[in-house]
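> Structure below; questions to follow.
Every read-out reported here was derived from the displayed coordinates using simple, explicitly stated rules and does not represent laboratory data. Not measured: the values here are computed from a predicted model. For neighbour counting, all protein chains shown are included, and Cβ atoms are generated from backbone atoms with ideal geometry for every residue, glycine included.
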Amino acid sequence: MPSHSYYFDHVFLDAGWQSDCLVTVKDGVISQIDPAPSPSSIAAAESIKGWALPGLPNLHSHCFQRGMAGLSERRGLSSDSFWTWREVMYRFLDRLDPEAVEDIAAFAMLEMIERGYTALAEFHYLHHDPQGNPYANRAEMAERIIAAAHKTGLCLTLLPVFYAHGNFGGQAPQEGQRRFINSLDGYEQLLGDTERGLHALQDGKIGVAPHSLRAVTEQELAYLLTLAPESPIHIHIAEQLKEVTDCVTWSGARPVEWLLDKMPVDHRWCLIHATHMNERETQQLAASQAIAGLCPITEANLGDGIFPATDFITSGGAFGVGSDSNIEISAAHELRWLEYGQRLNLRGRNMLALEAGQSTGEALYRMACRSGAQALNQAIGSIAVGKRADFVVLNENHPSLAGHKSDSIMDSYLFVAGHDAIDRVIASGKTWVMGGRHHHHDDITRRYQACMKRILS
Ligand code: NGQ
Ligand code: ZN
């Protein structure tokens, strides 16, 4: 494939904003960056106005949950909680066949790429048919997720989930969990089939996802770690207080404490939520090189609590963000709410920028890019040679950016304009979104509408 050059008015490099910069892309990867290009190379390049950022990685999602957004916001008979939401979610599953999963996933991914994400780690656990039997093709559902990524241009790390139990200590799974359940043998087969399916994508990668400490035993977890030794490991942990007390009752230790004690937690790991940690756990997790995968919009929606992000980063910890339940998909809003949670909790401002004079938006964006790349095991999250050519370009004419210099662009994007400012998105060197709309916006949206009418009828 021949190379292609972009001449950016403004581009956010590792060293900061750079004006009038030439970026050359070959085979979907950045091959050269020239901050002082010659007039002839400028003339030969495609000129891009506006403010170009690296695409943000979305490190945690369950795409199918996009289809139930808005269906669990009505007060129930007893007090509503994460656990009653989960019952609604389990009932919603009864409506989903492979076609619906593909149509909903494509729509969720469409929103992701139109709203600032160019890569996704999909934590995929809806494996089986409505009776709980594997499909003839064990990776049927995984292939639907892969097809949706293909249609939208998102870079995909697919995390098939291992789920075997209903609570700590190897308890039997509940009826509502039947579509998630695998033996270790069945899981290994699924992992292999999914990995083969990922060859359909240019940058498809695999990872291993024990659902939570509730869903796996210690022995199963130890075994899972051996299955793909180079790949990321993602796990839900300590999201709800009940999970903490159940874990203490079972083992005498808190979930994060237990995990750090029993498992070789390192840079391969991404701990999703980790909301409820004491100071010691916060410091030890920070030192482990694992990523904290935070999903502040979902955590607010589900009433989880607030992650100790300020203490965590002061201790050297690294976080990325995910859209999780997909109740609202927006890279900017996710980061905004991460910062706002800290402000509300600690009654301060600019909590997640560590140095005086630093832009909070830039601190958040850089952290989530770097950690997201690690959690997805992909060469993404930075505009640098060797990285996937993913650019999110903000409209220079957006009113909330008008008159701004580079030092306040990221803050205005994250805290003010949000995804409304996104003009163009380039993923793997190809333009997928123009004027804020994906090439397949209408088709994917129409399919989603038809699907929702069908499954909600
Ligand atoms: C999930 N979601 O697997 O979709 C979980 C809820 C559970 C979030 N934690 C179910 N947001 O943890 O058991
Ligand atoms: Zn989740």
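> Select, from A136, A164, the only residue that is surrounded by 20 or more Cβ atoms within 10 Å (Cβ to Cβ), over 30 Å from G381 (Cα atoms) and among the aliphatic types (A, V, I, L, M).
On the way: A136 fails: surrounded by 20 or more Cβ atoms within 10 Å (Cβ to Cβ).
Within the list A136, A164, the selection yields A164.
> Another question about this same structure. Take the residues in the range 325-351 that are more than 18 Å from the chain's Cα centre (by Cα) and hydrophobic (A, V, I, L, M, F, W, C); name whichever of them is nearest to ligand 1 (Cβ to nearest atom). Talk me through it step by step, then tell me what you get.
Pass one, the range 325-351, residues more than 18 Å from the chain's Cα centre (by Cα): 340-351.
Then drop every residue that is not hydrophobic (A, V, I, L, M, F, W, C), which leaves 344, 346, 351.
On the way: L344: 20, L346: 24, M351: 23 Å.
My answer is L344.
> On the given criteria, is S359 of a type outside the set (D, E, K, R) and either under 30 Å from M89 (Cα atoms) or within 16 Å of ligand 1 (Cβ to nearest atom) (or both)? Write out each step before concluding.
Numbers: of a type outside the set (D, E, K, R): yes; either under 30 Å from M89 (Cα atoms) or within 16 Å of ligand 1 (Cβ to nearest atom) (or both): no.
Considered against the rule, which asks whether it is of a type outside the set (D, E, K, R) and either under 30 Å from M89 (Cα atoms) or within 16 Å of ligand 1 (Cβ to nearest atom) (or both), S359 comes out as no.
> Could you list, in sequence order, all residues of the range 305-324 that are farther than 18 Å from G361 by Cβ and either within 16 Å of ligand 1 (Cβ to nearest atom) or in contact (Cβ under 8 Å) with a residue 60 or more places away in the chain (or both)?
Scanning the range 305-324 gives G305, I306, F307, G322, S323, D324.
> Pick from the range 64-86 the residues that are closer than 24 Å to M112 by Cβ and more than 11 Å from ligand 1 (Cβ to nearest atom): which of them is surrounded by the fewest Cβ atoms within 10 Å (Cβ to Cβ)?
The qualifying residue surrounded by the fewest Cβ atoms within 10 Å (Cβ to Cβ) is G70.
> Residue check: is T445 of a type in the set (S, T, Y) and either buried (at least 23 other Cβ atoms within 10 Å of the Cβ) or free of Cβ contacts under 8 Å to residues at least 24 places away in the same chain (or both)? Full working, then the answer.
Numbers: of a type in the set (S, T, Y): yes; either buried (at least 23 other Cβ atoms within 10 Å of the Cβ) or free of Cβ contacts under 8 Å to residues at least 24 places away in the same chain (or both): no.
So T445 fails the test.
> Among residues belonging to the range 203-224 that are part of a loop (DSSP other than H, G, I, E, B) and crowded, with 18+ Cβ neighbours inside 10 Å, point out the one that is farthest from ligand 2 (Cβ to nearest atom). Give the derivation first.
Start the filter on the range 203-224 by keeping residues that are part of a loop (DSSP other than H, G, I, E, B), which leaves 203-204, 207, 211, 213-217.
Now drop any that are not crowded, with 18+ Cβ neighbours inside 10 Å, which leaves 203-204, 207, 211, 213-216.
Values: D203: 23, G204: 21, G207: 14, H211: 9, L213: 14, R214: 13, A215: 12, V216: 15 Å.
Among those residues, the one meeting the criterion is D203.
> Can you find a residue that is in contact with a Lys or Arg (Cβ under 6 Å, 6 or more places away or on another chain), assigned to a helix (DSSP H, G or I) and more than 16 Å from ligand 2 (Cβ to nearest atom) anywhere in the range 119-137? I'd like the intermediate steps shown before the answer.
Restricting attention to the range 119-137, the residues satisfying the condition of being in contact with a Lys or Arg (Cβ under 6 Å, 6 or more places away or on another chain) are 126, 128, 132.
In the following step, the residues that additionally are assigned to a helix (DSSP H, G or I) were identified as none.
So far as the range 119-137 goes, no, none of its residues is in contact with a Lys or Arg (Cβ under 6 Å, 6 or more places away or on another chain), assigned to a helix (DSSP H, G or I) and more than 16 Å from ligand 2 (Cβ to nearest atom).
> Something else about it: Can you tell me which residue among V425, V392 is crowded, with 19+ Cβ neighbours inside 10 Å, under 15 Å from P54 (Cβ atoms) and touching a Leu at 6+ places or on another chain (Cβ under 7 Å)?
After ruling out the rest, the residue left standing is V392.
> Still on this model: Please specify each residue of the range 168-199 satisfying the condition of being in a helix (DSSP H, G or I), small (G, A, S) and out of contact with any helix residue (DSSP H, G or I) (no Cβ under 8 Å at 6 or more places or on another chain).
In the first step, residues of the range 168-199 are kept if they are in a helix (DSSP H, G or I); the result is 175-177, 184-199.
Now narrow it down to the ones that are small (G, A, S): 176, 186, 192, 197.
Within the range 168-199, G186, G192 meet the criteria.
> State all residues of the range 30-63 that are among the hydrophobic types (A, V, I, L, M, F, W, C), in a strand (DSSP E or B) and within 16 Å of ligand 1 (Cβ to nearest atom); if no residue qualifies, say none. Give the derivation first.
Residues of the range 30-63 that are among the hydrophobic types (A, V, I, L, M, F, W, C), as a first pass: 30, 33, 36, 42-45, 48, 51-53, 56, 59, 63.
Pick out the ones that are also in a strand (DSSP E or B) and you get 30, 33, 48, 51-53, 56, 59.
Of everything in the range 30-63, just one residue is among the hydrophobic types (A, V, I, L, M, F, W, C), in a strand (DSSP E or B) and within 16 Å of ligand 1 (Cβ to nearest atom), namely L59.
> While we're looking at this one, here's another question. May I ask you to list the residues in the range 245-302 that are buried (at least 20 other Cβ atoms within 10 Å of the Cβ), under 14 Å from R214 (Cβ atoms) and more than 16 Å from ligand 1 (Cβ to nearest atom)?
Those that are buried (at least 20 other Cβ atoms within 10 Å of the Cβ), under 14 Å from R214 (Cβ atoms) and more than 16 Å from ligand 1 (Cβ to nearest atom): R254, W258.
> Please specify each residue of the range 236-265 satisfying the condition of being under 20 Å from F162 (Cα atoms), free of Cβ contacts under 8 Å to residues at least 60 places away in the same chain and assigned to a loop (DSSP other than H, G, I, E, B).
A238, M263, P264, V265
> Looking at (1) touching a residue at least 40 places away in the same chain (Cβ under 8 Å); (2) under 20 Å from the mean Cα position of the chain (by Cα), which is the one condition that is false for M89?
Exception for M89: condition (1).
> Among the residues of the range 1-21, write down those that are in contact with a helix residue (DSSP H, G or I) (Cβ under 6 Å, 6 or more places away or on another chain) and without any contact (Cβ under 8 Å) to a residue 40 or more places away in the chain.
As a first pass, look at the range 1-21 and keep what is in contact with a helix residue (DSSP H, G or I) (Cβ under 6 Å, 6 or more places away or on another chain): 7, 17.
Across the range 1-21, there are no qualifying residues.
> Cβ-Cβ below 6 Å, separation at least six or inter-chain, first residue in the range 277-295 and in contact (Cβ under 8 Å) with a residue 24 or more places away in the chain and within 19 Å of W337 (Cβ to Cβ), second part of a loop (DSSP other than H, G, I, E, B) and of a type outside the set (S, T, Y): which pairs?
As it stands, the answer is A292/A274; G293/G322; L294/F307; C295/G322, since those pairs meet every condition given.
> State whether the residues of the range 165-175 include one that is without any contact (Cβ under 8 Å) to a residue 12 or more places away in the chain and of a type in the set (D, E).
Yes, the conditions are met somewhere in the range 165-175.
> How many residues, within the range 183-194, are over 16 Å from G207 (Cβ atoms) and within 24 Å of the chain's Cα centre (by Cα)? Walk me through it before giving the result.
Of the residues in the range 183-194, the ones over 16 Å from G207 (Cβ atoms) are 183-186, 189.
Those left that are additionally within 24 Å of the chain's Cα centre (by Cα): none.
Matching residues across the range 183-194 total 0.
> Please indicate, with yes or no, whether at least one residue in the range 88-97 is away from ligand 2 (no atom under 16 Å from the Cβ) and at positive phi. Talk me through it step by step, then tell me what you get.
Step one: list which residues in the range 88-97 are away from ligand 2 (no atom under 16 Å from the Cβ), which gives 91, 94-97.
Among the residues that remain, those that are also at positive phi are: none.
Checking the range 88-97: not a single residue is away from ligand 2 (no atom under 16 Å from the Cβ) and at positive phi.
> Still on this structure: Considering each residue of the range 270-322, count those that are of a type in the set (S, T, Y) and either closer than 22 Å to T84 by Cβ or within 15 Å of ligand 2 (Cβ to nearest atom) (or both), and give that number.
Within the range 270-322, the first condition is being of a type in the set (S, T, Y), and the residues that meet it are 275, 282, 288, 298, 310, 314-315.
Adding the requirement that they be either closer than 22 Å to T84 by Cβ or within 15 Å of ligand 2 (Cβ to nearest atom) (or both) leaves 275, 298.
So the count comes out to 2.
> Yes or no: the range 225-235 includes at least one residue that is assigned to a strand (DSSP E or B) and either within 12 Å of ligand 1 (Cβ to nearest atom) or in contact with a helix residue (DSSP H, G or I) (Cβ under 7 Å, 6 or more places away or on another chain) (or both). Talk me through it step by step, then tell me what you get.
Here is the first cut: in the range 225-235, the residues assigned to a strand (DSSP E or B) are 233-235.
Retained after the next criterion (residues that are either within 12 Å of ligand 1 (Cβ to nearest atom) or in contact with a helix residue (DSSP H, G or I) (Cβ under 7 Å, 6 or more places away or on another chain) (or both)): 234-235.
Checked against the condition, which is being assigned to a strand (DSSP E or B) and either within 12 Å of ligand 1 (Cβ to nearest atom) or in contact with a helix residue (DSSP H, G or I) (Cβ under 7 Å, 6 or more places away or on another chain) (or both), the range 225-235 yields at least one hit.
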